[in-house]
1. Kindly indicate whether Asp128 is surrounded by 12 or more Cβ atoms within 10 Å (Cβ to Cβ), within 14 Å of the ligand (Cβ to nearest atom) and closer than 30 Å to Ala224 by Cα.
2. Restrict the check to the stretch 75-94 and report whether at least one residue is β-branched (Val, Ile, Thr), within 16 Å of the ligand (Cβ to nearest atom) and closer than 30 Å to Pro223 by Cα.
3. Spot the failing condition for Arg459; the list is (1) surrounded by 14 or more Cβ atoms within 10 Å (Cβ to Cβ); (2) within 30 Å of Gln631 (Cβ to Cβ), and only one is missed.
4. With the checklist (1) within 25 Å of the chain's Cα centre (by Cα); (2) of a type in the set (D, E, K, R); (3) within 14 Å of the ligand (Cβ to nearest atom); (4) farther than 22 Å from Ser659 by Cα in hand, flag the one item Glu332 doesn't pass.
5. Restricting attention to the stretch 269-296, which residues are within 16 Å of the ligand (Cβ to nearest atom) and touching a helix residue (DSSP H, G or I) at 6+ places or on another chain (Cβ under 9 Å)?
6. Hey, among the residues in the stretch 136-151 that are over 32 Å from the mean Cα position of the chain (by Cα) and more than 16 Å from the ligand (Cβ to nearest atom), which one's nearest to Leu276 (Cα to Cα)?
7. Filtering the stretch 320-363 down to residues that are farther than 23 Å from Val301 by Cα and basic (Lys, Arg), which residue is surrounded by the fewest Cβ atoms within 10 Å (Cβ to Cβ)?
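The values are calculated or read from the model by the stated rules, or taken from the named source; none is laboratory data. Computed from a predicted structure; not experimentally measured. As a convention, Cβ positions derive from the backbone with ideal geometry for all residues, glycine included, and neighbour counts pool all protein chains shown.
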Amino acid sequence: MSLDRGNTEEEVKEKAKVEINELSKQLHLHAHKYYVLDDPEITDAEYDQLFRKLESLEKNFPELIIDTSPTQRVGGQALDKFQQVAHVKPMLSLTNAFDNEEYQAFHKRIQQTLNRSDFDYIAEPKLDGLAVSLTYKNGLLVQAATRGDGQIGENITSNVKTIDTIALQLQGDHYPEILEVRGEVFMPLAGFKNLNQTQLNNGDKAFANPRNAAAGSLRQLDPAITATRPLAFYCYGIGHVENPKHELADNYYDLMFQLKQWGIRISPLLKQLPTLESCLAYYQKLVEVRPNLDYEIDGVVFKLNHFADQEKMGFIARAPRWSIAYKFPAQEVSTTLLAIEIQVGRTGVLTPVARLEPVEVGGVTVTNATLHNQDEINKKDVRVGDTVIVRRAGDVIPEVVRSIVSRRLPNSTPFVIPDTCPICGAVAVKINDEAKSRCSAGLTCPAQQKEVIKHFVSRKAMNIDGLGDRIVEQLLENKLILHVDDLYTLTKENLITLERMGEKSVDNLLTAIERSKQTTFARFIYALGIREVGESTALSLQNNFKSLELLLNASTEELLLIKDIGDVVAKNIVTFFADEKNSRLVQSLIEAGICWPEPSINQSEKSQALSDEIIVITGSFENFNRDEIKQQLHQLGAQVSGSVSKKTTILVAGEKAGSKLEKAQNLGIRIINEDELNKLLNESSL
Ligand code: JCF
């Protein structure tokens, strides 16, 4: 080379090229470890540092930027329209099964055609997203296409490159020269919720469901928009392949792990199953875990595992005879909104409830769904008589998603929550800026009376067994009780007068009432029904106040010192006890004999050990139930929260932990299992 003191331009460029290649390679590798193997080796900050280094080199040498550089996920040019792409091999659809019988018919057909029984299946969740085809040439992602009609799709390469979980470059070097990977692009639920919130904040329309949001995001002509959308990918097969350098696996299960090693993300729920029974058990298990997943699935895909067996089965029309999608019961159905009724809650809040023509959603019959408040009714524009879409997803509580406006009756009118209480007729007042309004009558409103008593006797409060809604209603109607303390003066003579109350049930009820007097301080506080004081806050109060006396006289400032108590709750507590009616009620309950164990010295010392921790519990446990864990952690001073955030310090992960575990891993939060939890509890109790 040259003997000049300085480097020639070529030498500088050559050096930059080597460095750019090296940085790209490292970034691809770390993305693989993070997104595909779930096993990151470097921190986000270290990743960012490498990324910025690459960006700055590329800025100085734009001619050295390659299409699959890790920096090229964000952009690409906006298009006028999508180019068409012909699939080398058609992209198939799946036949559906809707019950065990249909599933068994699929199995029988295979048994008969193969004329043996020693074959095995694979199973994986059927994601509710969009099928895409990804073509890698010499390990680089060169093309991505939609399924289209199965023969011809659209070229969405720039959009797909923005998806973090899709490798731009394969790992290792044994991959085929050309490898077409197929799979599903979908939008995880957390991202979907955020996106819809952003849409609404910007005055845009919310997406009806994650599938529509994923479709709308992928079919954007401007990839910069797609880049802002939280899409993800799981692979479920391959298409066209040329010049494999290594023999490909002869069965689906092994092939998937081969692909995973090359950097393709596969479902963590993929299983190899040997029998019909194990397939049906897998389906049941997925029905159960479905509500805990961070993405929507609409069934289970079963496939014959070995490719030789698949070949023997062949195809009918465009669907393989070696695979079937066993669908879950529909989670979204339409029905008629018969009426909107107003419920009055324990604190007087008026809540509109939709009465629906009974309809089966996700395997259960739904007749009611809350409409939350006036804002929600306005936003969804639901009116009595409308045909509405009802949905049960994520959690099990059904909701009205929207009205089908095109099917609306001509004379319908918007629904307005009345400005008087439908039960007692008192005026309903809007609460500050909240969307709710409240009956102003307080405990003179029969609806509120009833709800207060129902809450007081409920399982997590005073736990009075045998005091169902109907009995509470009769007790009030017959003026046998007015306030909760009256429960403790009820006699056999009173109760025997009620409908369907025999001697035996009266005795049982009186015993249950008597037994409820032995309680805990936390349960008692919770039972009082102070606004926004739930179980968890009640436990905090128990842990921080050694006696009822101290709690009754606590100031806002004192209460604010407790970690999970904020301004509103502190004020609610002080206001509650300042009301003479309430303090008299508390007095009367204590006089009736309600009592709890004094906190032991030991306990109050113990309560400090985990006071710096904010803990989330997820999954199931062999030797505890979650409530027990929660209580023990509380007693040691920990704050237990329902969702993982940056503030979380420990995630306790049991079996079948789902999205919370993934999130905690991504955030680098300390994760402990049941054994480690046991150890933590033991050590902290010393
Ligand atoms: O998750 C899916 N939506 C999914 C779709 C999974 C699969 O294994 C599929 C599919 C469509 C076709 N397999 C085929 C053959």
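1. yes
2. The initial filter retains those residues of the stretch 75-94 that are β-branched (Val, Ile, Thr), namely 85, 88.
Filter once more, so that each one left must be within 16 Å of the ligand (Cβ to nearest atom): 88.
Among the residues that remain, those that are also closer than 30 Å to Pro223 by Cα are: 88.
Checked the stretch 75-94: at least one residue is β-branched (Val, Ile, Thr), within 16 Å of the ligand (Cβ to nearest atom) and closer than 30 Å to Pro223 by Cα.
3. (1)
4. Failing condition for Glu332: (3).
5. Within the stretch 269-296, Leu269, Leu270, Lys271, Gln272, Leu273, Cys279, Tyr283, Leu293, Asp294, Tyr295, Glu296 meet the criteria.
6. Taking the candidates together, the pick is Tyr136.
7. Arg355
Conditions (1) modelled with pLDDT of 95 or more; (2) more than 16 Å from the ligand (Cβ to nearest atom), marked per residue:
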{"position": "Phe207", "(1), (2)": "no, yes"}
{"position": "Arg211", "(1), (2)": "no, no"}
{"position": "Gln220", "(1), (2)": "no, yes"}
{"position": "Ala224", "(1), (2)": "no, yes"}
{"position": "Leu231", "(1), (2)": "yes, no"}
{"position": "Cys235", "(1), (2)": "yes, no"}
